[in-house]
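Undergrad: If you scroll down you'll find the structure; I have some questions about it.
The values are calculated or read from the model by the stated rules, or taken from the named source; none is laboratory data. What you see is a predicted model; the values in this text were computed from it and never measured. Using ideal geometry, Cβ is built from the backbone for each residue, glycine included, and neighbour counts are taken over all protein chains shown.
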Amino acid sequence: MSSNLSRAPSHKLPRKRAGQPSSRPSRKLPSNTEPSPPYIGYSMRVVWQWVWEQNFAAAARAGYDDVNPAHVSLFRYPGLDGCRLTDVAQRMQITKQSVHELISHLEERGYLLREPDPTNRRARLVRLTDKGWGLQNVIKAQALEAERQCAEILGPRRFAELKKALDVLVEQITGDESSRRSGD
């Protein structure tokens, strides 16, 4: 019994003759341009996950024990109040159905209300209740504390350079000049 996997493909690539340069592109970048691991995406993800964990822990310490990390993620900058569910889904990079489920859970527990969008009859806006604003403020305070801790680790000059460099990246990637911090 022969396996189809062992058969040679019906289309054959021409063989390279000895002494001829390869027609295939090199898989490696020249060593002077290839960044060494860990790559910046990994480093930024580790810091982001640490901040996210700190935010959830702060919410739990403050008595918001009826939410999970996914709920807390919805409250990240710039916040939920006044947002459409479709905008939240896009910002979070999750499905509208997932956002609907998370928002419904928060609404059932008194963190927010949904109201009609005056500019679009089919859309609904999220409006935070007092309980929702309380959670939002806890998360914001913890995010600022995480920044303070990062500044302590890096020192004021290096931290200011990091924030400025990240602002430039955000502006270039999003085209949003409002990401620049005042005073820069």
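Undergrad: Taking the stated definitions as given, is Val51 part of a helix (DSSP H, G or I), among the aliphatic types (A, V, I, L, M), in contact (Cβ under 8 Å) with a residue 12 or more places away in the chain and surrounded by 15 or more Cβ atoms within 10 Å (Cβ to Cβ)?
TA: When the stated conditions are applied, Val51 passes them.
Undergrad: If Gln97 passes every condition in (1) within 23 Å of the chain's Cα centre (by Cα); (2) on the phi > 0 side of the Ramachandran plot; (3) exposed (fewer than 15 other Cβ atoms within 10 Å of the Cβ) but one, which one does it miss?
TA: (2)
Undergrad: Still on this structure: Can you spot a residue in region 3-22 that is modelled with pLDDT of 55 or more and either among the charged types (D, E, K, R) or surrounded by 10 or more Cβ atoms within 10 Å (Cβ to Cβ) (or both)?
TA: The answer is no, given that none of the residues of region 3-22 is modelled with pLDDT of 55 or more and either among the charged types (D, E, K, R) or surrounded by 10 or more Cβ atoms within 10 Å (Cβ to Cβ) (or both).
Undergrad: Starting from region 110-121, keep only residues that are at pLDDT 95 or above, then list their pairs with residues that are of a type in the set (S, T, N, Q) and surrounded by 12 or more Cβ atoms within 10 Å (Cβ to Cβ) whose Cβ atoms are within a distance under 7 Å, requiring at least 6 positions of separation or different chains.
TA: Filtered contacts from region 110-121: Gly110/Thr129; Tyr111/Thr129; Leu112/Thr129; Leu113/Thr129.
Undergrad: Give region 122-150 a look and list any residue that's closer than 17 Å to Asp66 by Cβ, among the aliphatic types (A, V, I, L, M) and either more than 20 Å from the chain's Cα centre (by Cα) or loosely packed, with under 14 Cβ neighbours inside 10 Å (or both), or say none.
TA: Passing the criteria: only Leu128.
Undergrad: Would you tally the residues in region 56-94 being part of a loop (DSSP other than H, G, I, E, B), among the hydrophobic types (A, V, I, L, M, F, W, C) and either over 12 Å from the mean Cα position of the chain (by Cα) or within 21 Å of Glu147 (Cβ to Cβ) (or both)?
TA: Looking only at that region, the number is 5.
Undergrad: Then there's this: What are the pairs, 6+ residues apart or on separate chains, where a residue within region 154-167 that is surrounded by 12 or more Cβ atoms within 10 Å (Cβ to Cβ) has its Cβ under 6 Å from a residue that is at pLDDT below 95 and assigned to a helix (DSSP H, G or I)?
TA: If the second residue must be at pLDDT below 95 and assigned to a helix (DSSP H, G or I), the pairs left are Asp167/Ser179.
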